[in-house]
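Reviewing the structure listed below.
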Amino acid sequence: MAGKEHTSKDNKKSKSPPPAYTVHRGAIRGTCWLNSGKDGDWYSVTIARSYKDEKGEWHSANSFGVRDLLVVAEVARLCWDWIVTQTSKYQKG
């Protein structure tokens, strides 16, 4: 899977790395991202809700209604579980 193309403020195009892991439960999506820095690698997670507008176009939001919250919690748990599995693989060598 290729990364998304982004245009920076100075109009230079660059490709971001693809997500390390994505999980969907209904309209809720959790995405795990591998980050690297001077202190090593770590994962971060974004959670979003997909919806269609009145024109039928898809959008993404990072706000959730009360009916979404248990699904958000489950997606967060699944992301956490995946990250723990990945990091324990690296720690075992």
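The values are calculated or read from the model by the stated rules, or taken from the named source; none is laboratory data. Here the structure is a predicted model, which means the values were calculated and not measured. No Cβ is skipped: glycine too gets one built from the backbone with ideal geometry, and neighbour counts run over all protein chains shown. Accessible surface areas use protein heavy atoms only, side chains included; no ligands, DNA or RNA. Shrake-Rupley method; radii C 1.70, N 1.55, O 1.52, S 1.80 Å.
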Neighbour net charge for VAL72 - beta-carbon separation under 11 angstrom, K R +1, D E -1: +3
Per residue, in Å², the accessible surface of segment 17-65 once ligands and nucleic acids are set aside, probe 1.4 Å: 70
Using the Karplus equation 6.51 cos²θ - 1.76 cosθ + 1.60 (θ = phi - 60°), what ³J(HN,Hα) coupling, rounded to whole Hz, does each residue of segment 65-72 give in order, writing x for Gly and Pro? x, 4, 6, 8, 5, 5, 5, 4
